[in-house]
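Below is one structure, written out as structure tokens, with a few remarks after it.
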Amino acid sequence: MYEVVHNLENMEVTIRPQRISDAEHSWRMRKDKDIWKYAICESPYSPLSLESENNFYREQSESDECIRFAVLADGIYVGNVFIDRIDESAYGFGELHTHILNKAFWGKGIGYECNRLILEYAFRIAKMNGVYQYINPCNTAAWKNALKLGFNDIGTSSVRSNIHIFIIKKEQWIKE
């Protein structure tokens, strides 16, 4: 089990492997339409039911192409952070997703911190070579966090011209 704790302005931010039991927390929060206004997609994956959420969490927990963590702040489940589409044939790169689903915790630096923690895990423990993420330019917090963490904006997506692609390589993160 991999667990990291970091104190963020008197708030304990923890990432831990996601559990199937986290699905209910996620499902309840993902029904809020405000959650989706800064996402790269327009609505939650459908159908959005507790059963589909449980099934999704079960499938993801068995996948070798995904690293999923629950994000806790002071012991409260606030969302999840994960890297999926991990493909050794794509030179060990994967796609980063950050979902701070509990709006009471928005704007407190949790997104930055959980991304920092998962990047540490990705590069030092999982030995990945790189991580990329798609960012909606309206999501200024995600944009600033990506730049602060060392990601490079490599331009817009060929599929969604309003979405930018950010990338960070292992050698940018680990400077030894």
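Numbers for the structure displayed
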{"read-out": "Conditions (1) in contact with a strand residue (DSSP E or B) (Cβ under 7 Å, 6 or more places away or on another chain); (2) farther than 17 Å from LEU72 by Cα; (3) aliphatic (A, V, I, L, M); number of the one not met by VAL159", "value": "(1)"}
{"read-out": "The one condition in (1) at pLDDT 90 or above; (2) small (Gly, Ala, Ser); (3) not in a strand (DSSP E or B) that GLY79 fails to fulfil", "value": "(3)"}
{"read-out": "Residue within region 28-43 that is of a type in the set (Gly, Ala, Ser) and at pLDDT 80 or above present", "value": "no"}
{"read-out": "Single condition SER63 does not satisfy, out of (1) outside any helix (DSSP H, G or I); (2) under 22 Å from ASP34 (Cβ atoms)", "value": "(2)"}
{"read-out": "Failed condition for VAL71, given (1) modelled with pLDDT under 85; (2) surrounded by 13 or more Cβ atoms within 10 Å (Cβ to Cβ)", "value": "(1)"}
{"read-out": "Identity of the residue in region 100-148, β-branched (Val, Ile, Thr) and assigned to a helix (DSSP H, G or I), that ends up surrounded by the most Cβ atoms within 10 Å (Cβ to Cβ)", "value": "ILE118"}
{"read-out": "Close pairs (6 angstrom Cβ cut-off, 6 or more residues apart or separate chains): within 17 Å of SER26 (Cα to Cα) in region 57-86, in a helix (DSSP H, G or I) and charged (D, E, K, R) anywhere", "value": "ALA70/ASP22"}
{"read-out": "In region 143-163, the residues that are under 25 Å from TRP106 (Cβ atoms) and modelled with pLDDT of 95 or more", "value": "TRP143, LYS144, ASN145, ALA146, LEU147, LYS148, LEU149, GLY150, PHE151, ASP153"}
{"read-out": "Residue count for region 9-38, restricted to those that are assigned to a helix (DSSP H, G or I), touching a residue at least 40 places away in the same chain (Cβ under 8 Å) and surrounded by 13 or more Cβ atoms within 10 Å (Cβ to Cβ)", "value": "7"}
{"read-out": "Cross-chain or 6+ apart pairs with Cβ under 7 Å, region 131-148 first and under 19 Å from VAL159 (Cα atoms) and in contact (Cβ under 8 Å) with a residue 40 or more places away in the chain, then of a type in the set (Phe, Trp, Tyr) and part of a helix (DSSP H, G or I)", "value": "ILE135/TRP143"}
{"read-out": "Total residues in region 149-163, condition within 23 Å of ASP87 (Cβ to Cβ) and part of a loop (DSSP other than H, G, I, E, B)", "value": "7"}
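The values are calculated or read from the model by the stated rules, or taken from the named source; none is laboratory data. All figures in this text were calculated on a predicted structure; none of them were measured in a lab. All Cβ positions, glycine included, derive from the backbone under ideal geometry; neighbour counts span all protein chains shown.
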